[in-house]
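S.K.: So that we are looking at the same thing, I have put the structure below in structure tokens.
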Amino acid sequence: MSFQPLVKVEGLKKYFPVSKGLFRKTHDYIHAVDDVSFSIQPRESLGLVGESGCGKTTTGKLLVRLLTPTAGRIFFRMEEEEAREEGVRLEDGYVDVATLKGRALKNFRRHVQMIFQDPYESMNPRLTIYDIVAEPMAVQGIGSVMEREQRVAEMLQHVGLTPPESFMFRYPHELSGGQRQRVAIARALIINPTFVIADEPTSMLDVSVRTGVMQLMQDLADRFGISYLYITHDLAVARYMCDKIAVMYLGKIVEMAETEELLHHPLHPYTKALLSAVPIPDPTYKREVIEIRGSVSTPINPPSYCRFYNRCPVAKEGLCNVQEHPPLEDKGGGHYVACHLV
Amino acid sequence: MREPVLSVEHLTMHYSTRKGDVHAVDDVSFELHPGEVLGVVGESGSGKSSVAFTLMRLLPENAHIKGGHVWMNGVDLLTLPEDEMRRYRWKRIAMIFQAAMNTLNPVYKVGDQIIEAMETHGVAYGEAARKRVAELFEMVGLDPALMDRYPHEYSGGMRQRAIIAMALSCDPDVLIADEPTTALDVIVQHRILKNLLQLQKRLDMAMIYITHDIAVVAEVSTRIAVMYAGRLVEIGSTEDIFLRPKHRYTEALLQAFPSIHGEKKTLLTIPGELPNLLNPPRGCRFHPRCAFATEICKEREPEYRTFNPGHLAACWHPVGEENA
Amino acid sequence: MSDASSVTVIHRPLWRVRLELFWKSVRTNWALFIENPIGVIGLAIILFFALMAVLHPILMKTVWDPTVYDPITGYDFEILRHPAPPSARHLLGTDPLGRDVLSQLMYSTQTEFILGVVAALITVTIGTLIGALSAYYGGVIDTLFMRLADLVIMLPFISILIVLSALFKLNMLKLALVIGILSGFGGVTVIIKSQALSIKVKPYIEAARVAGGGDWHIIVVHFIPNLLPLSFLYMMFTVTSAIFSEAVLSFFGLINIRMSWGIMIHTTQTAGYLLNVGQYWWLVIPAGLAITLLCSAFYLVGRALDEVVNPRLRRR
């Protein structure tokens, strides 16, 4: 493993104002992503796991700059030569994605792509598969029409839609869910990105086609040297797709570790509760369940102490509700936890 | 064993569309015994929800029941006139729909909606009905004070609980739950499942639990029916299905499903796509995707074979008979 | 990569493939359209009038003597009293000025079609563009155009046209322009914008942005093609309102055109025959019926298209 990460995220924040109507000043903010830091090595896949509303999708959208961060920096490693060609400034071999604009941002998008959750809504119903897959090439002005056709055919072959000629000029609604998600993968990979954000790419697929798509994403990552940020609510899927998993709760990463380490030795009380609630496809297995109170709330102007305090089964009054939200610290062997009591 | 509360025989149902007939449910038979939870697993288009809607006789206009019987206390629900069926619905056989939490009417208080359901079925009226709602709320783990609130003041999990309370309000013999926790996060899902199972035991109801999630079905059911492309391919006790699956589809499905527990086994990929039900494959419907398929699978529909008492599968080359 | 580089590229040029796809979609939509009797009736009426428009110049060249049958300058000296009732010479009789009513009716059809189509094209171009821009950019642009739309919707349409006709000499083209602009900035914009808003939040817009697509790319490639079916639908309704408005203005004699269905009724009225419809029915009924039929025909086609465009309305 290289010591130079491909992506470094430092203190990333995104606050959404809560609108109270026209002309009134907003004082309330949803802290969707609140001081999140992590890094991803080349060819490594990081899973971002959490319940709905924890900020995992917002984090993904910040990384591809579909959203502009409120604060924080997103560093992306780039070769000096590439950077000069694309007209971006490097700091120690990294470009700060959070500040990119215009031409430089458009060029940056050649390196980073995204796969979306819904295979039915993520494709324009009036475009053919060829147009959908070739779109990144077309907007980036890469290749002639003939070259694009050739490349699309190649890509369709890679994602298992063979023969490509029989798929290229069909419309999305003529394909099944699994086939469409393969098209989405082809679109994301057609301009050879090094970093792909996958936002629940398999959660809407049936079990019998899901494994195939998961397998395909792994094969292509190995083949083309891609790093994934894999966003999911399903820990079992994350186990198979990710080298490392970060668990998010109300805008914060509460725990991050190598996948098997996290699943077998969770340290944070929230991670423990989350893992214990995951159903196991084995009727002989009787697990111990850690009950936690309440449900996920919306982090509007949250208190500065630990976000999990109100629901935590082991919280200590006078410590957890007095001190600041605990920092994410290495508790040994790259197992990061944000909890006062670990 | 007690007499079955519900017995489905050779149920066949098609949807007619402009492109032709969709074979949604094809020759499905099973029995539901008192006090048991029958898990029905299948992927999209397997017909699992269509079976439920047929049992409730809540089908769209283009659905046609082509044959079969649904016996309940010696009465065939499929031949009942609509007004008599209405009396069966909710009182004898109730259903929690997929995404039911969005079916609460936003302009009425949640409690009033449940009271109305009880009054229309003549279960309880006025103050008695209010008392019953309070009891039901208590049962499903909701604060009875919430009954005078509106649906938008509830969270997703709370709404799902209210729906369960509504389904139980008329004290049904059979409860059909169609993916009741699919849209919920795991922690909430776990709590609702636990609650639902407690209630099922306490009220001694029979339950049909429909889902695509094999892990959930392992946790809730005593028996499992596996459906594929409109057909019931295998039925048996939970242990039989998970530990001794016979149908090749069941086996493949179990091997394709990831788990966070135990060894990280290699997941199996099932090639191909789900079949088009306008024109389902001849013979065994799984044969185009099955690694064990031979000529006979393409030609003839497999018959059900009993492997264990109550464990039936329709497969020409069942697991464990590789040379047959 | 070795297995992929051997892929055979499609041998037909891209434009031909696209043309074939376009025809295919036209055919499937046509099949849906003709299932609906409402649309078929509407289309039949439109075709009937189109035939009349095409036949008129042919008849003038071949069968009809221009001195007698010209819709504006013709006069039949062989008949002593005008208006004359229908006869073998004049199938729909003559008007108070001795001109053939059938010829007038057929001649006007061309004008009505041109007016309707031009007005509708202008409306839809404006409506689609402004609707898409408002939805895409939001903010000041959106507020500006939506308040303008509110204003236009509130204006009494016919009265404005009457005022405008007093200020300017309105001919057919200018009238089409005015109707097109007024309805383009009004209701059509609002409807198209609401549709565009639902497109704006689709994940494929985000996918296009992640690919590097700019504002213009998203509007042209993703917004417009998804708005066009709705625009086309509103084109039909605009044709109806344009023909209707023209009839009203012509009836009052406010526009500067030589012949139209409205003018036919206007002539009847100024000559004092309007209150005597029972006796002189051929002066009013053919023109009135033509206005009603053609207006409703476009409306019916619009309704039927609505079912093709919005699959939710379709019966299974």
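S.K.: Report Rg(Cα)/(2.2 N^0.38 Å) for the range C:197-316, keeping two decimals.
M.R.: Working: Rg = 22.5 Å, N = 120, 2.2 N^0.38 = 13.6 Å.
In units of the globular-protein estimate, the range C:197-316 measures up at 1.66.
S.K.: Let me ask something else about it. Which chymotrypsin sites (Phe, Trp or Tyr not before Pro) in the range B:1-109 pass both tests, a DSSP loop state and at most 15 other beta-carbon atoms within 10 Å? List each step's numbers first, then the result.
M.R.: Values: sites: B:15, B:30, B:53, B:71, B:88, B:90, B:97, B:108; in loops: B:90, B:97, B:108.
Answer by residue number: B:108.
S.K.: Just to confirm my numbers, what's the Cα centroid distance between the range C:77-148 and the range A:227-244 in Å?
M.R.: Cα centroid of the range C:77-148 versus Cα centroid of the range A:227-244: 63 Å apart.
S.K.: Starting from the Cα of residue A:223, step 7 Å along the direction of its Cβ; do the same at residue C:38; then give the gap between the two resulting points in nm.
M.R.: Taking the two extended label points, one gets 5.1 nm.
S.K.: Tell me which chymotrypsin sites (Phe, Trp or Tyr not before Pro) from the range A:21-111 have a DSSP coil assignment and no more than 14 other beta carbons within 10 Å of their own. Spell out each step's value before the answer.
M.R.: Working: sites: A:23, A:29, A:38, A:75, A:76, A:94, A:108; in loops: A:23.
Those satisfying the criteria are A:23.
S.K.: Sticking with this one: Using a Förster radius of 35 Å, what is the FRET efficiency between residue C:81 and residue C:47 based on their Cβ-Cβ separation? Nearest 0.05, please. Show your work: numbers first, answer last.
M.R.: Working: r = 37 Å, r/R0 = 1.05.
The computed FRET efficiency comes out at 0.45.
S.K.: Ok, one more. Using the Karplus curve 6.51 cos²θ - 1.76 cosθ + 1.60 with θ = phi - 60°, work out ³J(HN,Hα) for each residue of the range C:94-100 in order, rounded to whole Hz, and write x for Gly and Pro.
M.R.: Result, ordered by residue: 10, 8, x, 9, x, 9, 6 Hz.
S.K.: Over the range B:143-201, one equal point on each Cα, no solvent: what is log10 I(q)/I(0) by the Debye formula at q = 0.16, 0.22, 0.29 Å⁻¹?
M.R.: So the normalised log intensities work out to -0.53, -0.98, -1.38.
S.K.: For the residue pair residue C:31 and residue C:163, what label-to-label distance in nm results when each label sits 7 Å from Cα along the Cα-to-beta-carbon direction?
M.R.: 5.2 nm
S.K.: In addition: Two decimals, Cα atoms only, Kirkwood Rh: what is Rg/Rh over chain A? Walk me through the numbers before you get to the answer.
M.R.: Details: Rg = 21.2 Å, Rh = 21.5 Å.
Result: Rg/Rh = 0.99.
S.K.: Listing B:64, A:27, B:311 from the residue with the fewest other Cβ atoms within 10 Å to the one with the most, what is the order? Could you put the intermediate results ahead of the total?
M.R.: On the way: B:64 14, A:27 9, B:311 19.
Taking fewest neighbouring Cβ atoms as first place, the list is A:27, B:64, B:311.
S.K.: Need one number: convex hull volume per residue for the range A:191-342, Cα atoms only, in Å³. Write out the running numbers ahead of the final one.
M.R.: Details: hull volume 23.3 nm³, N = 152.
Residue-normalised Cα hull volume stands at 153 Å³.
S.K.: Find me the longest stretch of chain B that has none of the exposed GluC sites (Glu not before Pro), where exposed means in a DSSP loop (not H, G, I, E or B) with at most 15 other Cβ atoms within 10 Å.
M.R.: B:62-262
S.K.: Given Cα positions, please report Rg to Rh for chain C, the hydrodynamic radius being the Kirkwood one. If you can, show how the numbers build up before the last one.
M.R.: Working: Rg = 24.4 Å, Rh = 22.4 Å.
That ratio is 1.09, to two decimals.
S.K.: So if the hydrodynamic radius of the range B:152-267 is defined as the Kirkwood radius over C-alpha pairs, what does Stokes-Einstein give as its diffusion coefficient at 10 °C and 1.306 mPa s, in µm² per second? Intermediate values should be presented prior to the final figure.
M.R.: Details: Rh = 15.7 Å.
The Stokes-Einstein estimate is 101 µm²/s.
S.K.: With θ taken as phi - 60° and the coefficients 6.51, -1.76 and 1.60, list the Karplus ³J(HN,Hα) couplings across the range C:35-45 in order, rounded to whole Hz; mark glycine and proline as x.
M.R.: 5, 9, x, 4, x, 5, 4, x, 5, 4, 5
S.K.: For a quick check: with amide H placed at 1.01 Å from N, whose amide H comes under 5 Å from residue A:227's, ignoring anything fewer than 5 positions away on the same chain?
M.R.: So residue A:227 has HN proximity to A:43, A:195, A:196.
S.K.: Once you wrap a convex hull around the alpha carbon atoms of chain B, what is its projected area averaged over all directions, in nm²? Show your work: numbers first, answer last.
M.R.: On the way: hull surface 71.8 nm².
Across all orientations, chain B yields a mean hull projection of 17.9 nm².
S.K.: May I pose another question? With a point put 7 Å past each Cα toward its Cβ, work out how far residue C:174 is from residue B:322 in nm, to one decimal.
M.R.: Distance between label points: 9.1 nm.
S.K.: Please work out the Cα convex hull volume for the protein assembly as shown and give it in Å³ per residue.
M.R.: Details: hull volume 239.4 nm³, N = 982.
It comes to 244 Å³ per residue, whole-number rounded.
S.K.: Regarding the range A:150-218, what is the average projected area of its C-alpha convex hull, in nm²? Each step should come with its number before you reach the end.
M.R.: Numbers: hull surface 18.9 nm².
Mean orientational projected area (the range A:150-218, Cα hull): 4.7 nm².
S.K.: For chain A, give me the percentage of DSSP beta bridges that are antiparallel, rounded to the nearest 5 percent. Write out the running numbers ahead of the final one.
M.R.: Details: 30 of 48 bridges.
Within chain A, antiparallel bridges account for around 60 percent of the total.
S.K.: Expressed as a rounded percentage, what relative contact order does the range B:123-220 have, with Cα pairs under 8 Å and six or more residues apart? Provide the component values of the computation, followed by the final result.
M.R.: Working: 82 pairs, mean separation 25.4, N = 98.
This gives 26 percent for the range B:123-220.
S.K.: Across peptide B:244-255, what mean number of C-beta atoms from other chains lies inside 10 Å of a residue's C-beta? List each step's numbers first, then the result.
M.R.: On the way: counts 0, 0, 0, 0, 0, 1, 0, 0, 3, 4, 3, 1.
Going residue by residue through B:244-255 and averaging, the value is 1.
S.K.: Can you tell me the relative contact order of chain A? Whole percent, Cα pairs under 8 Å, sequence separation 6 or more. All intermediate terms of the calculation are to be shown ahead of the outcome.
M.R.: Details: 620 pairs, mean separation 68.4, N = 342.
Relative contact order for chain A comes out at 20 percent.
S.K.: A further question follows. Between residue B:145 and residue C:217, what FRET efficiency comes out of the Förster formula 1/(1 + (r/R0)^6) with R0 = 45 Å and r the beta carbon distance, rounded to 0.05? Each step should come with its number before you reach the end.
M.R.: Working: r = 54 Å, r/R0 = 1.20.
Plugging the Cβ-Cβ distance into 1/(1 + (r/R0)^6) gives 0.25.
S.K.: Still on this structure, I have one more. Search the structure for amide H atoms under 5 Å from the amide H of residue A:32, placed 1.01 Å from N in the peptide plane, and list their residues when 5 or more places away or on another chain.
M.R.: A:14, A:16
S.K.: How many percent of DSSP beta bridges within chain B run antiparallel, rounded to 5? Kindly include the intermediate steps, with their values, before the conclusion.
M.R.: Values: 29 of 48 bridges.
So the antiparallel bridges amount to about 60 percent of the total.
S.K.: Mean residue ellipticity at 222 nm from the helices of chain C, using -39,500 (n - 2.57) per DSSP H segment of n ≥ 4 over the full residue count, to the nearest 500 deg cm²/dmol? The partial results should precede the final answer.
M.R.: On the way: 13 runs with 218 residues, N = 316.
When only DSSP H runs of four or more count, the value is -23000 deg cm²/dmol.
S.K.: Considering only DSSP beta bridges with both partners in the range B:119-273, what is the antiparallel share in %, to the nearest 5?
M.R.: Values: 6 of 11 bridges.
Looking only at bridges with both residues in the range B:119-273, the antiparallel portion is about 55 percent.
S.K.: Return the tail of the calculated pair distribution for the range B:70-190, meaning the percent of Cα-Cα pairs more than 23 Å apart. Before the final figure, lay out each step's value.
M.R.: Values: 2264 of 7260 pairs.
So the pairs more than 23 Å apart make up 31 percent of the total in the range B:70-190.
S.K.: Set the Förster distance to 22 Å, then compute FRET efficiency between residue C:91 and residue C:114 from the Cβ-Cβ distance, nearest 0.05. Walk me through the numbers before you get to the answer.
M.R.: On the way: r = 25 Å, r/R0 = 1.13.
Taking R0 as 22 Å, the efficiency between residue C:91 and residue C:114 is 0.35.
S.K.: Further question: What do you get when you divide the Cα radius of gyration of the range A:55-188 by 2.2 N^0.38 Å, with N the number of residues? Mind showing how you got there, number by number?
M.R.: Values: Rg = 16.7 Å, N = 134, 2.2 N^0.38 = 14.1 Å.
The reported ratio for this selection is 1.18.
S.K.: Sort out for me the Cα centre separation of the range B:246-266 from the range B:52-124, rounded to whole Å.
M.R.: One Cα centre to the other: 36 Å.
S.K.: Okay, moving on. What do you get for trypsin sites (Lys or Arg not before Pro) in the range C:61-93 restricted to DSSP loop and a cutoff of at most 14 other Cβ within 10 Å of the site's Cβ?
M.R.: Values: sites: C:61, C:81, C:89; in loops: C:81, C:89.
Answer by residue number: C:81, C:89.
S.K.: Residues in the range A:171-210 near a label at residue A:79, defined as backbone nitrogen under 13 Å from the 7 Å Cα→Cβ point?
M.R.: A:194
S.K.: Right, another one. Over all directions, what mean area does the Cα convex hull of the range B:191-234 project, stated in square nanometres?
M.R.: Values: hull surface 13.8 nm².
Mean projected area of the Cα convex hull: 3.4 nm².
S.K.: Place a point 7 Å from Cα of residue B:76 in the direction of its Cβ. Which residues in the range B:1-25 have their backbone N less than 19 Å from it?
M.R.: Only B:4-14, B:25 pass the distance filter.
S.K.: Further, regarding this structure: Quick one: Karplus J couplings for the range A:313-327, per residue in order, coefficients 6.51, -1.76, 1.60, θ = phi - 60°, nearest Hz, x for Gly and Pro?
M.R.: Calculated HN-Hα couplings, in order: x, 10, 4, 9, 5, x, 10, 5, 9, 10, 6, 4, 3, x, x Hz.
S.K.: Give the order of C:308, A:133, A:36 when sorted by the count of other beta carbons within 10 angstrom, beginning with the fewest. Please list the in-between numbers first.
M.R.: Numbers: C:308 21, A:133 30, A:36 25.
Arranged by neighbour count, lowest to highest, C:308, A:133, A:36 become C:308, A:36, A:133.
S.K.: Just want to confirm a number: the relative contact order over the range C:48-313, from Cα pairs under 8 angstrom separated by 6+ residues, in percent.
M.R.: On the way: 365 pairs, mean separation 58.8, N = 266.
It rounds to 22 percent for the range C:48-313.
No lab work stands behind these numbers, since they all come straight from the coordinates. The structure displayed is predicted, hence computed values, not measured ones. All Cβ positions, glycine included, derive from the backbone under ideal geometry; neighbour counts span all protein chains shown.
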